[in-house]
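The values are calculated or read from the model by the stated rules, or taken from the named source; none is laboratory data. Worth saying up front: this structure is predicted, and the values here are computed from it rather than measured. Here Cβ is always computed from backbone atoms with ideal geometry, including for glycine, and neighbour counts include all displayed protein chains.
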Amino acid sequence: MLAFAAMKSLPPALLIMGPTASGKTAVAMALADRFPVELISVDSAQVFIDMDIGTAKPERELLARYPHRLIDLITPEQNYSAARFRDDALAAMAEITAAGRVPLLVGGTMLYFRTLLQGLADLPQADAALRAEIDAEAAVAGWPALHAKLAELDPSTAARLHPTDSQRIQRALEICRLSGRPMSALLAESERQKPPYDFLQVALLPSDRAVLHRRIERRFDEMLLGGLDDEVARLREKYRLHLGLPSMRCVGYRQVWEAQDGLYRKPEMRDRGIYATRQLAKRQITWLGNSFDAESYDCLDADLPARIAGRVDAFLSGRPAGRDAAPAP
(Lines give C-alpha, C1' and ligand atoms only; values in the text may rest on other atoms or scores of the structure.)
Protein backbone atom coordinates (compact mmCIF):
# COMPACT_ATOMS: atom_id res chain seq x y z
CA MET A 1 0.00 0.00 0.00
CA LEU A 2 1.06 3.58 -0.50
CA ALA A 3 2.49 5.65 2.33
CA PHE A 4 -0.56 7.89 2.45
CA ALA A 5 -2.68 4.98 3.67
CA ALA A 6 -1.01 5.11 7.07
CA MET A 7 -1.31 8.88 7.35
CA LYS A 8 -4.99 9.46 6.81
CA SER A 9 -8.09 7.92 8.34
CA LEU A 10 -9.77 8.02 4.94
CA PRO A 11 -8.23 7.09 1.57
CA PRO A 12 -7.58 9.99 -0.81
CA ALA A 13 -9.46 10.80 -3.99
CA LEU A 14 -8.92 13.62 -6.47
CA LEU A 15 -11.61 15.59 -8.30
CA ILE A 16 -10.67 17.67 -11.36
CA MET A 17 -13.68 19.79 -12.33
CA GLY A 18 -14.14 22.57 -14.83
CA PRO A 19 -16.14 23.97 -17.72
CA THR A 20 -15.86 22.64 -21.22
CA ALA A 21 -12.56 23.49 -22.97
CA SER A 22 -10.79 24.24 -19.66
CA GLY A 23 -8.14 21.57 -20.18
CA LYS A 24 -9.31 19.01 -17.61
CA THR A 25 -8.21 15.95 -19.57
CA ALA A 26 -4.71 17.32 -20.16
CA VAL A 27 -4.31 18.01 -16.43
CA ALA A 28 -5.58 14.53 -15.52
CA MET A 29 -3.14 12.87 -17.91
CA ALA A 30 -0.26 14.96 -16.57
CA LEU A 31 -1.14 13.81 -13.05
CA ALA A 32 -1.35 10.20 -14.24
CA ASP A 33 2.23 10.50 -15.52
CA ARG A 34 3.42 11.47 -12.05
CA PHE A 35 1.16 9.84 -9.46
CA PRO A 36 -0.37 6.37 -8.88
CA VAL A 37 -3.83 7.41 -10.03
CA GLU A 38 -6.53 5.79 -12.13
CA LEU A 39 -8.93 7.96 -14.10
CA ILE A 40 -12.71 7.94 -13.86
CA SER A 41 -14.70 10.02 -16.35
CA VAL A 42 -17.40 12.31 -14.97
CA ASP A 43 -19.10 13.18 -18.24
CA SER A 44 -22.76 12.54 -19.05
CA ALA A 45 -22.05 12.62 -22.80
CA GLN A 46 -19.00 10.37 -22.93
CA VAL A 47 -21.00 7.44 -21.53
CA PHE A 48 -22.53 7.00 -25.00
CA ILE A 49 -21.00 4.50 -27.41
CA ASP A 50 -20.27 5.86 -30.94
CA MET A 51 -20.50 9.49 -29.78
CA ASP A 52 -16.84 10.42 -29.98
CA ILE A 53 -16.28 13.66 -31.89
CA GLY A 54 -19.01 15.84 -30.41
CA THR A 55 -18.31 14.69 -26.84
CA ALA A 56 -14.57 15.49 -27.12
CA LYS A 57 -13.85 11.94 -26.05
CA PRO A 58 -10.10 11.29 -25.83
CA GLU A 59 -8.76 9.57 -28.91
CA ARG A 60 -8.30 5.80 -28.81
CA GLU A 61 -4.51 6.09 -28.60
CA LEU A 62 -4.79 8.32 -25.54
CA LEU A 63 -7.37 6.06 -23.92
CA ALA A 64 -5.04 3.12 -24.42
CA ARG A 65 -2.29 5.01 -22.59
CA TYR A 66 -4.57 6.67 -20.03
CA PRO A 67 -7.59 4.39 -19.50
CA HIS A 68 -10.75 6.15 -18.33
CA ARG A 69 -13.45 4.26 -16.51
CA LEU A 70 -17.12 5.08 -17.21
CA ILE A 71 -16.66 5.89 -20.90
CA ASP A 72 -18.66 4.02 -23.59
CA LEU A 73 -21.16 2.42 -21.22
CA ILE A 74 -24.49 2.60 -23.09
CA THR A 75 -25.92 3.21 -26.56
CA PRO A 76 -27.36 6.61 -27.54
CA GLU A 77 -30.83 5.06 -27.28
CA GLN A 78 -30.44 4.50 -23.54
CA ASN A 79 -30.51 6.68 -20.42
CA TYR A 80 -27.86 7.09 -17.74
CA SER A 81 -28.80 8.69 -14.43
CA ALA A 82 -26.90 10.50 -11.71
CA ALA A 83 -27.87 7.67 -9.36
CA ARG A 84 -26.32 5.06 -11.66
CA PHE A 85 -23.21 7.22 -12.04
CA ARG A 86 -22.82 7.34 -8.27
CA ASP A 87 -23.07 3.57 -7.97
CA ASP A 88 -20.65 3.01 -10.86
CA ALA A 89 -18.18 5.61 -9.61
CA LEU A 90 -18.15 4.32 -6.03
CA ALA A 91 -17.61 0.76 -7.26
CA ALA A 92 -14.72 1.89 -9.44
CA MET A 93 -13.23 3.95 -6.62
CA ALA A 94 -13.38 0.98 -4.26
CA GLU A 95 -11.52 -1.19 -6.78
CA ILE A 96 -8.86 1.46 -7.35
CA THR A 97 -8.36 2.07 -3.62
CA ALA A 98 -8.16 -1.67 -2.90
CA ALA A 99 -5.34 -1.87 -5.45
CA GLY A 100 -3.40 0.77 -3.48
CA ARG A 101 -3.98 3.50 -6.04
CA VAL A 102 -5.81 6.83 -6.03
CA PRO A 103 -9.11 7.49 -7.84
CA LEU A 104 -8.94 10.62 -10.00
CA LEU A 105 -12.36 11.72 -11.20
CA VAL A 106 -12.28 14.19 -14.08
CA GLY A 107 -15.04 15.85 -16.05
CA GLY A 108 -17.59 18.61 -16.35
CA THR A 109 -20.93 17.07 -15.36
CA MET A 110 -21.46 18.96 -12.13
CA LEU A 111 -24.65 17.11 -11.19
CA TYR A 112 -22.65 13.87 -11.15
CA PHE A 113 -19.97 15.40 -8.93
CA ARG A 114 -22.57 16.77 -6.53
CA THR A 115 -24.41 13.46 -6.40
CA LEU A 116 -21.16 11.66 -5.65
CA LEU A 117 -20.22 14.04 -2.85
CA GLN A 118 -23.62 14.65 -1.31
CA GLY A 119 -25.62 11.53 -2.06
CA LEU A 120 -29.15 11.28 -3.35
CA ALA A 121 -32.15 12.38 -1.37
CA ASP A 122 -34.96 9.84 -1.38
CA LEU A 123 -37.52 12.30 -2.71
CA PRO A 124 -40.91 11.15 -4.03
CA GLN A 125 -41.49 11.38 -7.77
CA ALA A 126 -43.63 14.13 -9.23
CA ASP A 127 -47.38 13.70 -8.96
CA ALA A 128 -49.24 15.45 -11.79
CA ALA A 129 -52.59 15.49 -9.99
CA LEU A 130 -51.13 16.95 -6.81
CA ARG A 131 -49.22 19.58 -8.78
CA ALA A 132 -52.41 20.61 -10.52
CA GLU A 133 -54.07 20.90 -7.12
CA ILE A 134 -51.26 23.11 -5.81
CA ASP A 135 -51.39 25.25 -8.95
CA ALA A 136 -55.14 25.70 -8.43
CA GLU A 137 -54.53 26.82 -4.84
CA ALA A 138 -51.93 29.31 -6.06
CA ALA A 139 -54.31 30.67 -8.68
CA VAL A 140 -56.74 31.58 -5.92
CA ALA A 141 -54.47 32.57 -3.02
CA GLY A 142 -51.21 33.47 -4.78
CA TRP A 143 -47.75 31.94 -4.38
CA PRO A 144 -46.81 34.09 -1.35
CA ALA A 145 -49.72 32.49 0.53
CA LEU A 146 -48.49 29.02 -0.42
CA HIS A 147 -45.00 30.07 0.63
CA ALA A 148 -46.50 30.90 4.06
CA LYS A 149 -48.04 27.41 4.20
CA LEU A 150 -44.68 25.92 3.34
CA ALA A 151 -43.09 27.92 6.17
CA GLU A 152 -45.38 26.11 8.60
CA LEU A 153 -44.53 22.66 7.18
CA ASP A 154 -40.86 23.14 6.34
CA PRO A 155 -39.47 26.41 7.72
CA SER A 156 -35.90 25.59 6.67
CA THR A 157 -36.80 25.20 2.99
CA ALA A 158 -39.17 28.16 3.01
CA ALA A 159 -36.45 30.40 4.44
CA ARG A 160 -34.26 29.91 1.37
CA LEU A 161 -37.03 30.39 -1.21
CA HIS A 162 -38.45 33.65 -2.51
CA PRO A 163 -42.21 33.92 -1.89
CA THR A 164 -42.84 33.99 -5.67
CA ASP A 165 -40.53 31.10 -6.60
CA SER A 166 -43.48 29.06 -7.84
CA GLN A 167 -41.59 26.04 -9.18
CA ARG A 168 -39.61 25.37 -6.01
CA ILE A 169 -42.49 26.17 -3.65
CA GLN A 170 -44.69 23.75 -5.59
CA ARG A 171 -42.06 20.99 -5.41
CA ALA A 172 -41.44 21.51 -1.68
CA LEU A 173 -45.18 21.38 -0.90
CA GLU A 174 -45.59 18.35 -3.13
CA ILE A 175 -42.84 16.51 -1.23
CA CYS A 176 -44.33 17.42 2.14
CA ARG A 177 -47.77 16.17 1.13
CA LEU A 178 -46.57 12.99 -0.56
CA SER A 179 -44.03 11.91 2.04
CA GLY A 180 -45.45 13.49 5.18
CA ARG A 181 -41.96 14.87 5.89
CA PRO A 182 -40.21 18.18 5.16
CA MET A 183 -37.96 18.26 2.12
CA SER A 184 -35.17 19.69 4.28
CA ALA A 185 -35.23 16.54 6.46
CA LEU A 186 -35.01 14.26 3.43
CA LEU A 187 -32.12 16.29 2.02
CA ALA A 188 -30.33 16.15 5.38
CA GLU A 189 -30.49 12.36 5.23
CA SER A 190 -28.67 12.43 1.91
CA GLU A 191 -25.80 14.25 3.63
CA ARG A 192 -25.13 11.06 5.57
CA GLN A 193 -24.48 9.25 2.29
CA LYS A 194 -21.16 11.02 1.77
CA PRO A 195 -18.56 8.55 0.50
CA PRO A 196 -15.67 7.50 2.79
CA TYR A 197 -12.88 9.42 1.06
CA ASP A 198 -10.66 12.36 1.76
CA PHE A 199 -11.33 14.48 -1.33
CA LEU A 200 -9.11 17.10 -2.90
CA GLN A 201 -11.45 19.14 -5.10
CA VAL A 202 -9.78 21.14 -7.87
CA ALA A 203 -11.73 23.56 -10.06
CA LEU A 204 -10.28 24.85 -13.34
CA LEU A 205 -11.74 28.30 -13.95
CA PRO A 206 -10.80 30.95 -16.53
CA SER A 207 -9.32 34.27 -15.45
CA ASP A 208 -10.60 35.65 -18.77
CA ARG A 209 -13.83 34.19 -20.11
CA ALA A 210 -13.21 35.71 -23.53
CA VAL A 211 -10.20 33.41 -23.90
CA LEU A 212 -12.28 30.42 -22.86
CA HIS A 213 -14.90 31.45 -25.44
CA ARG A 214 -12.24 31.49 -28.13
CA ARG A 215 -11.15 28.02 -27.07
CA ILE A 216 -14.76 26.85 -27.31
CA GLU A 217 -15.13 28.32 -30.79
CA ARG A 218 -11.88 26.75 -31.97
CA ARG A 219 -12.79 23.35 -30.57
CA PHE A 220 -16.26 23.36 -32.12
CA ASP A 221 -14.73 24.21 -35.49
CA GLU A 222 -12.30 21.31 -35.02
CA MET A 223 -15.24 19.00 -34.31
CA LEU A 224 -16.94 20.10 -37.52
CA LEU A 225 -13.74 19.60 -39.50
CA GLY A 226 -13.27 16.25 -37.78
CA GLY A 227 -16.58 14.92 -39.08
CA LEU A 228 -19.27 15.76 -36.51
CA ASP A 229 -21.86 16.04 -39.29
CA ASP A 230 -21.02 12.54 -40.51
CA GLU A 231 -21.02 11.20 -36.96
CA VAL A 232 -24.57 12.43 -36.38
CA ALA A 233 -25.68 10.97 -39.71
CA ARG A 234 -24.19 7.57 -38.76
CA LEU A 235 -25.89 7.66 -35.38
CA ARG A 236 -29.27 8.41 -36.95
CA GLU A 237 -28.83 5.53 -39.35
CA LYS A 238 -27.58 3.00 -36.77
CA TYR A 239 -29.91 3.75 -33.85
CA ARG A 240 -33.55 4.66 -33.31
CA LEU A 241 -33.04 8.19 -32.09
CA HIS A 242 -35.09 11.33 -31.55
CA LEU A 243 -34.30 14.78 -30.22
CA GLY A 244 -35.93 14.05 -26.88
CA LEU A 245 -33.24 11.54 -25.90
CA PRO A 246 -30.49 12.70 -23.52
CA SER A 247 -27.86 11.72 -26.09
CA MET A 248 -29.32 13.98 -28.75
CA ARG A 249 -29.81 16.84 -26.31
CA CYS A 250 -26.04 17.02 -25.93
CA VAL A 251 -24.53 20.28 -27.14
CA GLY A 252 -23.55 20.06 -30.80
CA TYR A 253 -25.59 16.99 -31.64
CA ARG A 254 -28.93 18.76 -31.49
CA GLN A 255 -27.70 21.65 -33.64
CA VAL A 256 -26.22 19.34 -36.27
CA TRP A 257 -29.39 17.21 -36.32
CA GLU A 258 -31.58 20.26 -36.86
CA ALA A 259 -29.32 21.51 -39.66
CA GLN A 260 -29.51 18.09 -41.31
CA ASP A 261 -33.30 18.39 -41.16
CA GLY A 262 -33.09 21.74 -42.93
CA LEU A 263 -34.16 23.94 -40.04
CA TYR A 264 -31.18 26.21 -40.74
CA ARG A 265 -28.02 26.28 -42.81
CA LYS A 266 -24.59 25.20 -41.67
CA PRO A 267 -23.22 28.68 -40.83
CA GLU A 268 -26.15 29.20 -38.48
CA MET A 269 -25.70 25.69 -37.09
CA ARG A 270 -22.10 26.55 -36.25
CA ASP A 271 -23.13 29.76 -34.50
CA ARG A 272 -25.85 27.96 -32.57
CA GLY A 273 -23.49 25.20 -31.52
CA ILE A 274 -20.86 27.63 -30.26
CA TYR A 275 -23.47 29.67 -28.41
CA ALA A 276 -24.92 26.54 -26.77
CA THR A 277 -21.45 25.45 -25.70
CA ARG A 278 -20.74 28.85 -24.17
CA GLN A 279 -24.00 28.64 -22.25
CA LEU A 280 -23.01 25.19 -21.01
CA ALA A 281 -19.68 26.57 -19.81
CA LYS A 282 -21.48 29.40 -18.03
CA ARG A 283 -23.70 26.93 -16.18
CA GLN A 284 -20.71 24.80 -15.24
CA ILE A 285 -18.87 27.82 -13.83
CA THR A 286 -21.96 28.79 -11.84
CA TRP A 287 -22.19 25.27 -10.41
CA LEU A 288 -18.55 25.40 -9.37
CA GLY A 289 -19.03 28.70 -7.62
CA ASN A 290 -22.18 27.69 -5.75
CA SER A 291 -22.05 23.98 -5.01
CA PHE A 292 -18.49 22.89 -4.28
CA ASP A 293 -15.70 23.58 -1.81
CA ALA A 294 -13.07 23.42 -4.51
CA GLU A 295 -9.64 25.00 -4.80
CA SER A 296 -9.72 27.20 -7.91
CA TYR A 297 -6.90 27.34 -10.45
CA ASP A 298 -6.69 29.51 -13.55
CA CYS A 299 -7.22 27.14 -16.47
CA LEU A 300 -5.41 29.63 -18.72
CA ASP A 301 -2.19 29.47 -16.66
CA ALA A 302 0.66 28.02 -18.73
CA ASP A 303 2.03 26.38 -15.55
CA LEU A 304 -1.32 24.86 -14.60
CA PRO A 305 -0.30 21.15 -14.65
CA ALA A 306 2.78 21.84 -12.54
CA ARG A 307 0.84 23.93 -10.02
CA ILE A 308 -1.80 21.28 -9.56
CA ALA A 309 0.81 18.52 -9.40
CA GLY A 310 2.49 20.37 -6.55
CA ARG A 311 -0.80 20.60 -4.67
CA VAL A 312 -1.56 16.92 -5.28
CA ASP A 313 1.91 15.95 -4.09
CA ALA A 314 1.36 17.82 -0.84
CA PHE A 315 -2.12 16.35 -0.44
CA LEU A 316 -1.01 12.75 -0.93
CA SER A 317 2.05 13.08 1.26
CA GLY A 318 0.05 14.65 4.05
CA ARG A 319 2.19 17.79 4.24
CA PRO A 320 0.46 21.07 5.03
CA ALA A 321 0.29 23.20 1.92
CA GLY A 322 -0.89 26.67 1.05
CA ARG A 323 -3.50 26.99 -1.64
CA ASP A 324 -1.36 27.97 -4.61
CA ALA A 325 -4.44 28.75 -6.57
CA ALA A 326 -5.83 31.59 -8.60
CA PRO A 327 -8.90 33.29 -7.17
CA ALA A 328 -12.11 32.24 -8.82
CA PRO A 329 -13.25 34.74 -11.47
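Conditions (1) in contact with a Cys (Cβ under 7 Å, 6 or more places away or on another chain); (2) under 20 Å from Glu77 (Cβ atoms); (3) of a type in the set (Gly, Ala, Ser); (4) not assigned by TED's automatic domain parsing to the domain that holds Lys57, marked per residue:
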{"position": "Met223", "(1), (2), (3), (4)": "no, no, no, no"}
{"position": "Leu228", "(1), (2), (3), (4)": "no, yes, no, no"}
{"position": "Ala233", "(1), (2), (3), (4)": "no, yes, yes, no"}
{"position": "Leu241", "(1), (2), (3), (4)": "no, yes, no, no"}
{"position": "Leu245", "(1), (2), (3), (4)": "no, yes, no, no"}
{"position": "Val251", "(1), (2), (3), (4)": "no, yes, no, no"}
{"position": "Arg254", "(1), (2), (3), (4)": "no, yes, no, no"}
{"position": "Gly262", "(1), (2), (3), (4)": "no, no, yes, no"}
{"position": "Arg265", "(1), (2), (3), (4)": "no, no, no, no"}
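Scanning segment 31-59 for residues that are at pLDDT 95 or above, among the charged types (D, E, K, R) and more than 21 Å from Pro11 (Cβ to Cβ) yields Asp33, Asp43, Asp50, Asp52, Lys57. Number of residues in segment 98-127 that are at positive phi and modelled with pLDDT under 95: the value is 1. Checked against the criterion of being surrounded by fewer than 13 Cβ atoms within 10 Å (Cβ to Cβ) and outside the structural domain of Ile53 (by TED's automatic domain parsing), the candidates Arg168, Arg214, Arg160 yield just one match: Arg160.
Checked against (1) under 23 Å from the mean Cα position of the chain (by Cα); (2) surrounded by 14 or more Cβ atoms within 10 Å (Cβ to Cβ); (3) modelled with pLDDT of 95 or more, Glu95 passes all but condition (2). Of all residues in segment 32-62, exactly one satisfies the criterion of being more than 24 Å from Leu316 (Cβ to Cβ) and either of a type in the set (Phe, Trp, Tyr) or not assigned by TED's automatic domain parsing to the domain that holds Asp230 (or both), namely Phe48.
Looking at Arg69, Arg65, Arg101, which is the one that is in contact with a strand residue (DSSP E or B) (Cβ under 7 Å, 6 or more places away or on another chain), without any contact (Cβ under 8 Å) to a residue 40 or more places away in the chain and either assigned by TED's automatic domain parsing to the domain that holds Tyr253 or more than 26 Å from Pro196 (Cβ to Cβ) (or both)?
After applying the criteria, what remains is Arg69.
Filtered by the rule that a residue be assigned to a loop (DSSP other than H, G, I, E, B), touching a Lys or Arg at 6+ places or on another chain (Cβ under 9 Å) and of a type outside the set (Val, Ile, Thr), segment 60-72 gives a lone residue, Asp72. Among the residues of segment 112-145, the ones that are over 30 Å from Pro19 (Cα atoms) and assigned to a helix (DSSP H, G or I) come to 17 in all.
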